[in-house]
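Everything below concerns the one structure shown next.
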Amino acid sequence: MRNDFLPFSKPSITEEDIAAVADVLRSGWITTGPRAAQFEEAFKRYTSCGEAVAMTSETSVMHVLLRALGIGPGDEVITPSMTWVSLPNTVLLFGAKVVFVDVDRDTLMVTPEALEEKITPRTKLIVPVHFAGAALNMGPLRAVAEKHGIPLVEDAAHALGTEWNGERIGSKGTCMFSFHPIKNITTGEGGMFTTFDPELAARVRSLKFHGLGVDAYDRQTHGRAPQAQVVEPGFKFNMPDMQAVLGLRQLARVEELNSKREALALRYREKFSGIGEIMPLRDPDYKFKHSWHLFVVRVTEKARVTRDEFMAELKRRNIGTGLHFRCTHLQKYYREALGYREGMYPNTEWNSDRICSLPLFPDMTERDQDDVVDAVKVVLARR
Ligand SMILES: *Cc1c(COP(=O)(O)O)cnc(C)c1O
């Protein structure tokens, strides 16, 4: 057994990353400025998106987006229950209705067929999630959204570097990314909005900073033009330079970081190939490139140990795990205030009770991974 605890995720931070942040701290300008602008430019180059707007988290991107689209009471937003609670919560905070859609049982992704069934005349936005680093089936999903004339925005929190059918996520449409410390690159906390719609981008840019009419950083005054005026009430979600500089450095390494994740993930698959007690997610059957944000397994009936026991037993052996995700519709508030019950989204619930994310991060060694594999085998053999 390991002597030290292996976390399920850990950001890859180099001495150069630390020095770059320290340089910004010493520079006299630590909030949004030249580094944030450079990070947006670098993000544009990497994803080939039209415009990129950096914010303090993906959740803040969601607030700005819903405001920009004018979503409120009487409107419906379609998203999976198998997601992080950010978007469902934000929809509720805006007084709109969340319409959950069940996911494919083995990829955990929204299918075009399931999506279309949920569309009503009140649907104002569709937000599917690229799950674990694999890609949604974007072509058919876009076709459904276009047929009904409803905006589709991709939750790309797991999908930096992911490709669908040869297109990098971000290179088409409108997307939201996260730089929370468990994501493929981090800024501590942070998020990015990308789009090809210049009007939407301008509105988002303004709304993320008090709703001011201008956004440009002025080198002479080291700030914004003092005469900037509020054109509509906005939020305060701008990404500071001390974070953006970390994003710049991390983004320069994203391909290297993702390929380390991939090597580990493929090695897990190989090591677990004969083990029926745990079932990894299945690859979608269309062309895509994985960014390996998470390595998710389902603890099946064969294991004779529940998922919660599996996680607790691994923890006892100094192996950390994650749960991505406990379904949203059965969380306390959603059950009690909104009346959701078990049985409404069968594939989501089946997975919610069985999924577990095993340790996967770029600086994890094969030896660390062998410890995970050994501990998993011991836990599954115990009963
Ligand atoms: C992490 C995550 C978010 C939220 O990102 P933040 O930057 O923490 O706000 C949203 N959706 C999914 C699917 C995520 O995994």
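Mind scanning 10/183; 208/332; 271/377 and naming the pairs with a C-alpha gap bigger than 20 Å?
208/332
Let me know the charge dipole size of the range 225-383 about its Cα centre in debye, to the nearest 20, where only the beta-carbon of Lys, Arg (+1) and Asp, Glu (-1) is charged.
Working: 27 positive and 23 negative charges, 72 e Å.
That gives a dipole near 340 debye.
Can you give the convex hull volume of the alpha carbon atoms of the range 15-252 per residue, in Å³?
Cα convex hull per residue, to the nearest whole number: 117 Å³.
Mind checking which lysines have their Cα closer than 18 Å to the Cα of residue 118? Skip sequence neighbours fewer than 8 apart in that chain.
97, 147
Please identify, among 138, 109, 344, the residue showing maximal mean-square fluctuation in a Gaussian network model of the chain using a 10 angstrom Cα cutoff.
The residue with the greatest mean-square fluctuation here is 344.
With a 10 Å cut-off between alpha carbons and a GNM built on the chain, which of 107, 195, 120 moves the most?
Highest fluctuation among the options: 120.
With unit charges on the beta carbons (Lys and Arg positive, Asp and Glu negative) and the dipole taken about the Cα centre of the chain, which residue among 376, 99, 133 sits farthest to the positive side?
Sorting the options by dipole projection puts first 376.
Once the dipole of the range 89-209 is set up with Lys and Arg at +1 and Asp and Glu at -1 on Cβ about the Cα centre, which of 186, 201, 175 lies farthest towards its positive end?
The residue sitting most towards the positive pole is 201.
What does the charge dipole of the range 15-252 about its Cα centre add up to, to the nearest 20 debye, if the Cβ of each Lys and Arg holds +1 and the Cβ of each Asp and Glu holds -1?
It works out to roughly 520 debye.
Is it possible to state the helix-based mean residue ellipticity at 222 nm for the chain, with each DSSP H run of 4+ residues giving -39500 (n - 2.57), the sum divided by total residues, to the nearest 500 deg cm²/dmol? What is it?
Taking each H run of at least 4 residues, the total per residue is -11500 deg cm²/dmol.
Over the chain, what is the percentage of antiparallel beta bridges among all DSSP beta bridges, to the nearest 5?
Just about 60 percent of them are antiparallel.
Bear in mind these aren't lab numbers, they're just calculated from the coordinates by the rules spelled out. Predicted, not measured: the structure shown is a model, and the values here were computed from it. All Cβ positions, glycine included, derive from the backbone under ideal geometry; neighbour counts span all protein chains shown.
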